[in-house]
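To start, the structure under review is shown below, and the notes come after it.
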Amino acid sequence: MDKNNKKITILLVNYNTSKFVEILLYSLQKLTLNSYKVIICDNGSNDNEILKLLKVVTKYKNIDMIFRLQSKSGSIAHGEALDILIKKVKTKYAVIMDTDCVLLMKYWDKYMINQ
């Protein structure tokens, strides 16, 4: 953990949304004050989308990827992926974001931690 205890783990479940992930990662890089790690669980995207996602994540630091095939569909599959992701958190602070989230507030993380 960071000496200031303000490192954040950001959890994302991806399913064929590499374009959204790219925008979110860009906004995280530009608008986050504290150090952070992103863990993305790909939830069975098609091969083309996985290749696009891998190309996107290579542009950024501190990103871990998990690949899984869905055993169920819809919300159940999303929940199963979140169960996997939550077990990977080793920081004091964590946030689950949908891949279509776009941060608009500078230092959003400082605001959230101070709450």
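For the reader, a short list of remarks on this structure follows.
- Once the Cα atoms are used to define both axes, helix 18-31 deviates from the longest principal axis of the chain by about 10 degrees.
- Computed from the Cβ-Cβ distance with R0 of 25 Å, the FRET efficiency linking Lys87 to Gln115 stands at 0.50.
- Å² per residue, accessible surface of the chain at 1.4 Å: 62
- Using Cβ point charges alone (K and R +1, D and E -1), the dipole size of the stretch 28-115 about the Cα centre works out to roughly 460 debye.
- Global geometry of the chain, whether rounded, prolate or oblate, following the gyration tensor of its Cα atoms and the 1.5 cut on a/c: prolate
- Per-residue HN-Hα couplings for the stretch 35-50 [Karplus 6.51, -1.76, 1.60; θ = phi - 60°; Hz; x = Gly/Pro]: 5, 8, 10, 10, 10, 10, 9, 7, 9, x, 4, 5, 4, 4, 5, 4
- Straight-distance crosslink candidates among lysines, where the alpha carbon sits under 19 Å from Lys59 and sequence neighbours closer than 8 are dropped: Lys19, Lys30, Lys37
- Rounded to the nearest 500, the helix-only mean residue ellipticity at 222 nm of the chain stands at -12000 deg cm²/dmol, with each DSSP H run of n ≥ 4 adding -39,500 (n - 2.57).
- The shape of the stretch 61-115 comes out prolate: with a ≥ b ≥ c from the C-alpha gyration tensor, a/c is at least 1.5 and a/b beats b/c.
- In terms of distances greater than 31 angstrom between alpha carbons, the cross-link table entries Lys72/Lys106; Lys61/Lys87; Lys61/Lys110 yield Lys72/Lys106.
- Atom-type composition of the exposed protein surface of the chain places 54 percent of the accessible area on carbon and sulfur (1.4 angstrom probe).
The values are calculated or read from the model by the stated rules, or taken from the named source; none is laboratory data. Only a predicted model underlies this, so the values are computations on that prediction, with no experimental measurement involved. Positions of Cβ are generated from backbone atoms using ideal geometry, with glycine treated the same way; all protein chains shown enter the neighbour counts. Accessible surface is based on the protein model in full, side chains and every heavy atom, while ligands, DNA and RNA are left aside. Shrake-Rupley method; radii C 1.70, N 1.55, O 1.52, S 1.80 Å.
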